[in-house]
Amino acid sequence: MNSQDPDRINRLVGRFLELQEQWADRPDGFDWHALTSLAAEGADAYNEGAGPSFHALALGGVACSEFHERFLQASIEAGFDPFKLTRTGNEAPEKPVIDHASLARDAAANPSAARMHDALQELARRRFEPMLRQDSASDPASPLFTVFQACAESIPRDLLARVAPDLAKPRPGRPQPVNAEEAYLSQAESIIDSRRPYG
């Protein structure tokens, strides 16, 4: 089946939303195999030149949860490349197939998003660190430089500094690395924090 077929994307998104609703209704009895199967079927649904990828539509603008964590994990295991760059139209610039910047921002307050962000950074390290031995990696014309620039929020800071030092520098408004275990306050900590004076 053509991975660029828009009808395919619509069907995949429709099934994803159905499964998400089933999980929300009965998380303890949810059939995770169904989600794994969907992730495998849609792993290559990048929708090149025809619109957003299946994964961008599934993960974009949502409050991430265990459901989304496991979907991303299953997708990557099935061959999905979260660092792939595609065009949503013939004249459109290349963009990542998922929104790395939004996920990194959400990771600051959402533990599921934080773990997803950590998983992407671990994948980036495994994939890209061996490639950094090439002298041309920091060349703006290098494909690796282009990927790092587009997916900067999901690239470990030390690797980013070796390829694109300017992108590794903290800047106002840019999501900063977070720890999944520290991404949120416990209920008791939240109560204490809310009572602290501001200013």
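The values are calculated or read from the model by the stated rules, or taken from the named source; none is laboratory data. What you are looking at is a predicted structure, and each value in this text was computed from that prediction instead of being measured. Glycine also receives a Cβ, built like all others from the backbone with ideal geometry; neighbour counts cover every protein chain displayed.
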>> Taking the condition of being under 16 Å from Ala101 (Cα atoms), among the hydrophobic types (A, V, I, L, M, F, W, C) and touching a helix residue (DSSP H, G or I) at 6+ places or on another chain (Cβ under 8 Å), how many residues in the stretch 31-65 meet it?
In response: 6
>> Any residue in the stretch 146-159 that is part of a helix (DSSP H, G or I) sitting within a Cβ distance under 8 Å of a residue that is surrounded by fewer than 21 Cβ atoms within 10 Å (Cβ to Cβ) and among the basic types (Lys, Arg)? List the pairs, counting only those 6 or more apart or interchain.
In response: Ala150/Lys95; Glu153/Arg174; Leu159/Arg125
>> Gly199 - would you say it is surrounded by fewer than 16 Cβ atoms within 10 Å (Cβ to Cβ), within 19 Å of Gly60 (Cα to Cα) and either of a type outside the set (A, V, I, L, M) or modelled with pLDDT of 95 or more (or both)?
In response: no
> Do you know which residues across the stretch 101-114 are part of a loop (DSSP other than H, G, I, E, B) and of a type in the set (A, V, I, L, M, F, W, C)?
Replying inline: Ala108, Ala109
> Given Leu160, Leu185, Leu132, which one is among the hydrophobic types (A, V, I, L, M, F, W, C), closer than 24 Å to Ser102 by Cα and modelled with pLDDT of 55 or more?
Replying inline: Leu160
> Can you tell me which residues in the stretch 22-36 are surrounded by 11 or more Cβ atoms within 10 Å (Cβ to Cβ) and not in a loop (DSSP other than H, G, I, E, B)?
Replying inline: Gln22, Trp23, Ala24, Pro27, Trp32, Ala34, Leu35, Thr36
>> Quick check on Pro170: is it surrounded by fewer than 18 Cβ atoms within 10 Å (Cβ to Cβ), at pLDDT below 85 and in a loop (DSSP other than H, G, I, E, B)?
In response: yes
> Do any residues in the stretch 58-77 that are touching a residue at least 12 places away in the same chain (Cβ under 8 Å) have Cβ atoms under 8 Å from those of residues that are part of a loop (DSSP other than H, G, I, E, B) and surrounded by fewer than 17 Cβ atoms within 10 Å (Cβ to Cβ), where the two are at least six apart or on different chains, and which pairs are they?
Replying inline: His68/Val62
> Residues in the stretch 56-100 that are buried (at least 16 other Cβ atoms within 10 Å of the Cβ), part of a helix (DSSP H, G or I) and touching a Pro at 6+ places or on another chain (Cβ under 9 Å): how many?
Replying inline: 6
